[in-house]
Amino acid sequence: MLASTAIAQDVPARAGTLAVMESGKLPPKDVDKVDVAKKLANPFANMISAPLQYQFSRGAGLNQAGTEQSLLFQPVAPFDVGGGDMFIVRPILSAVREVSVQGANGQVYSGYGISGVTLESFYAPDTKSSWIWGIGPFAQSPSGNSGKFGSQQTGAGVAAVVLNRHGPWTYGLMGYQSWNVGGNPAFGTQNNLFGQPFVAYTTKDAWTFGANMQAQYNYDAHGTVNPLYVGVSKVEVIGGVPISFGGRPRLLRHFFNARPSLRLGW
């Protein structure tokens with residue numbers, strides 16, 4: 001189960017937050033909640049956002065008796081590079097806590113740590129249509145010294161996305177290819193292929209219903225992880241600032257010849 005909150009600042013990338021601060025003016029209070037909800041469903045929207053996501057999972061570990069909690073901070077910052085083209089940066093930081101999780105060696109572990117830092121970036125040209133695409137560098141840091149929360153390797157590669165905005169619908173496919181560029185492979189490698197198809201529908205009341213599957217294949221483990229999420233969110237304006245609240249259960253969780261892992265992403 002995931003619960004998320006996103007604070008959005010609907011400021012064009014060219015103007016930026018600095019221009020708003022210098023002018024001494026705050027965003028207008030008559031915020032279009034439906035427009036904000038649609039932009040939050042679109043990873044390429046010209047809007048600064050700061051999503052905060054809490055995730056709780058049961059059945060972790062080999063004996064499925066453990067629990068896992070994580071808190072993700074994944075801000076999105078667009079930069080106007082001229083001519084309507086944008087460069088989008090999406091860093092992702094996750095803190096994880098595990099309780100009574102049985103590892104491959106049979107030992108039971110409880111503790112907390114950082115699950116590495118992921119950096120996704122996309123150059124998105126102005127297509128002058130409802131279709132958008134983007135591509136850019138991808139990087140992921142090691143998860144720390146324990147190896148309990150992911151690979152201890154550094155990953156680098158390329159990320160890409162293509163999506164369409166059609167009325168209340170937003171749908172598309174995000175993905176990345178990463179390769180190991182150094183580090184200890186004992187707790188998994190960064191040689192991964194990831195794909196995330198997604199679809200979202202936004203109502204006239206600023207409710208958004210969405211679904212996505214986060215499929216990841218590791219070339220060294222020859223295994224696939226493919227959880228399916230279905231969720232709902234709602235945009236409200238508090239003090240003139242649009243805030244989105246939402247939740248989504250994980251309906252499907254399969255591991256094929258691979259150790260359980262936590263996927264961090266959109």
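How would you rank 226-233, 103-110, highest first, on the average number of other Cβ atoms within 10 Å across their residues? Numbers along the way, then the final one.
Details: 226-233: 17.0, 103-110: 11.2.
Those peptides, ordered most packed to least, come out 226-233, 103-110.
Please quote Rg/Rh for segment 45-151 to two decimal places, taking the Kirkwood radius as Rh and restricting both calculations to Cα atoms. It would help to have the intermediate numbers written out before the result.
Values: Rg = 18.2 Å, Rh = 16.0 Å.
On the Cα set of segment 45-151, Rg over Rh gives 1.14.
Provide 126, 35 in ascending order of the number of other Cβ atoms located within 10 Å of each residue's Cβ, fewest first.
So the ranking, lowest neighbour count to highest, is 126, 35.
Taking neighbour counts of Cβ atoms within 10 Å as a proxy for exposure, in what order, fewest first, do 202, 189 appear?
Values: 202 26, 189 20.
Listed from fewest to most nearby Cβ atoms, that is 189, 202.
Please order 234, 38 by the number of other Cβ within 10 Å, starting at the fewest. Could the numbers behind the result be given before it?
Working: 234 15, 38 22.
The fewest-first ordering by Cβ neighbours comes to 234, 38.
Which values, in whole Å and largest first, are the semi-axes of the equivalent ellipsoid of segment 2-256 obtained as the square root of 5 times each eigenvalue of the Cα gyration tensor?
Numbers: eigenvalues 218, 85, 63 Å².
That gives 33, 21, 18 Å for the three semi-axes.
Around residue 86, under 9 Å between beta carbons, what's the net of Lys plus Arg minus Asp minus Glu among the other residues? All intermediate terms of the calculation are to be shown ahead of the outcome.
Values: positive: none; negative: 80, 85, 126.
The answer is -3.
How high is the relative contact order of segment 66-152? Use alpha-carbon pairs under 8 Å, at least six apart in sequence, and give a whole percent. Don't jump to the answer; show the numbers that get you there.
Working: 185 pairs, mean separation 21.3, N = 87.
It comes to 24 percent, rounded to a whole number.
Laboratory data are not the source of any read-out in this text; all were calculated from the coordinates shown. Owing to the predicted nature of the structure, the values given are computational and were not obtained by experimental measurement. No Cβ is skipped: glycine too gets one built from the backbone with ideal geometry, and neighbour counts run over all protein chains shown.
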